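The values are calculated or read from the model by the stated rules, or taken from the named source; none is laboratory data. Quick caveat, the model's predicted, so the values are computed rather than measured. Neighbour counts are summed over all protein chains in view; Cβ atoms, including those assigned to glycine, are modelled from backbone coordinates with ideal geometry.
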Amino acid sequence: MKPLVAIVGRPNVGKSTFFNRMIGQRLAIVEDEPGTTRDRIYGDAVWNGREFTLIDTGGLELDSSDDMMGRIRAQAQLAVQEADVIIFLVDGQAGVTAADSEIAQMLRRTKKPIILGVNKADNAKLRGESVDFYSIGIGEPITLSSRQGVGTGDLLDAITEALPPPEAFAEIETDLPKFAIVGRPNVGKSSLLNSIIGQDRAIVSEIPGTTRDALDMTVTHRGLDVILIDTAGVRRRGKIDPGIEKYAVLRSERAIERCDVAMLIIDATEGVTAQDTHIAGVIHEEAKGVVVVINKWDLIREQRRELAAAEADPTLPIPPGDTPVEAEEFRERVREDLKFIPYASVVFISAKTRYHVDTLLDQAIEIASVRQQRVPTAQLNELIRDAVLRHPPAAIKGRQLKVLYATQAEINPPTFVIFVNDADLLHFGYERYLENQLRREFSFPGTAIRMRFRSRQSDEHTAKG
């Protein structure tokens, strides 16, 4: 986890220009029109050996009654709440304004480290006039010109000095398996957490996004301690409503990065959506274990009971809606929709009634164990050699890939390094073939595995896979 640094200020003071210069990319749109930056934008930066995440926010106008400005203000205020350090950026050319004083008063109430940056101080005269900003009560003004790149180093020095110590963000070393509960808003993540721990430790609400942060807790299942990471809902980038959810995406994706096994919650009454597919893609890219959890299955079972009763008794009304599918048919639909993670386990549960919740934990623990599996080098090479003999790789421009040697380099996730004559000759389809052979022999159910192909002839070749 990296510390968070929020850049706040009234509209058109140069926040996005500063953000882009700090992260070295033009991620934020820079225009001279107030209110251009509406959503918070995130980017990582490094200075004096410290890594941190910058949050570029929309302009604060505390007295505006405009609906859009109200939503921009809500996002900026949320960034302030969650930040470890706040950069209050003001316009040195405009001088001290009433809006600056109001924002300063709001920021002082946070009791957080605040760094006052006087931007657009493009000449000696403006830098001298920056002393006027002492009057807003934030502290010493640091002059800079984000456009010219002058003074930004001084501001970065101040940021790194204000950051909490690195140990505050260090991951606690533990051998306990970590399970992240992830999914879209309102699919039952907090209800599942409560069902697992047996008490209302998380707020259960019908309002999407109630759970803002990732919360870790240790629970015991069948005598084994595990760590649960409860997260807020994730939505696809570009489809995130203004407000709390934007920050929740960052926290949730970090939770996926930290976990061993992700429990991807799907709403049984809705099936797999595009947003669910996006989350599954994040899990796959991070090479995590995964259980696809079909929640609210009690509602489907109840619908089937009502339908059966209506079919047996003509006096009963036919339940509205489509005929509910059986579990196996639903499972096949899920596997088709998420066919890029064919290794995923699928479990049907009801967080509300605790139906199959213990089975879910059993599956997650088993997958965490599988991720620790090691394949003996001799068996691995015998498998790869036989696979190549059965199905040799096709030649590319008259040259053929030669598989020389294989070894397992890591666990959690299981990572295999395969040395070849030239990694550039590897076709994606052949990589998939070798992975399928590996899974057929050694299984690895429920988890992604990584395969790295390295050229033996030169260390300069980029590894593939």
Some residue of the range 331-345 being more than 21 Å from R440 (Cβ to Cβ) and surrounded by 17 or more Cβ atoms within 10 Å (Cβ to Cβ): yes
Close pairs (7 angstrom Cβ cut-off, 6 or more residues apart or separate chains): of a type outside the set (A, V, I, L, M) in the range 310-338, in a loop (DSSP other than H, G, I, E, B) and modelled with pLDDT of 85 or more anywhere: R333/G271; R335/P342; D337/V272
Given (1) outside the structural domain of K189 (by TED's automatic domain parsing); (2) charged (D, E, K, R); (3) more than 30 Å from the chain's Cα centre (by Cα), number of the condition E311 does not satisfy: (1)
Matching residues, the range 431-464, being over 29 Å from C259 (Cα atoms) and either polar (S, T, N, Q) or at pLDDT 95 or above (or both): S455, Q457, S458
Matching residues, the range 260-285, being without any contact (Cβ under 8 Å) to a residue 60 or more places away in the chain and more than 17 Å from V347 (Cα to Cα): A274, H278, G281, V282, E285
Test: residue in the range 23-33 that is within 19 Å of A99 (Cβ to Cβ) and at pLDDT below 85: yes
Identity of the residue in the range 86-108, among the β-branched types (V, I, T) and crowded, with 22+ Cβ neighbours inside 10 Å, that ends up modelled with the lowest pLDDT: I103
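A quick yes/no check of all residues on (1) in contact (Cβ under 8 Å) with a residue 60 or more places away in the chain; (2) of a type in the set (F, W, Y); (3) assigned to a loop (DSSP other than H, G, I, E, B); (4) under 23 Å from H284 (Cα atoms):
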position	(1), (2), (3), (4)
L383	no, no, no, no
V388	no, no, no, no
A409	no, no, no, yes
N412	yes, no, yes, yes
Residue identified as outside the structural domain of E431 (by TED's automatic domain parsing), hydrophobic (A, V, I, L, M, F, W, C) and in contact with a Lys or Arg (Cβ under 9 Å, 6 or more places away or on another chain) among A351, A409: A351
Subset of the range 357-393 that is within 23 Å of K189 (Cα to Cα) and β-branched (V, I, T) - its residue that is surrounded by the fewest Cβ atoms within 10 Å (Cβ to Cβ): T359
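Residues checked against (1) buried (at least 22 other Cβ atoms within 10 Å of the Cβ); (2) among the hydroxyl-bearing types (S, T, Y):
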{"residue": "K112", "(1), (2)": "no, no"}
{"residue": "R127", "(1), (2)": "no, no"}
{"residue": "Y134", "(1), (2)": "no, yes"}
{"residue": "G151", "(1), (2)": "no, no"}
{"residue": "A168", "(1), (2)": "no, no"}
{"residue": "D175", "(1), (2)": "no, no"}
{"residue": "K178", "(1), (2)": "no, no"}
{"residue": "V187", "(1), (2)": "yes, no"}
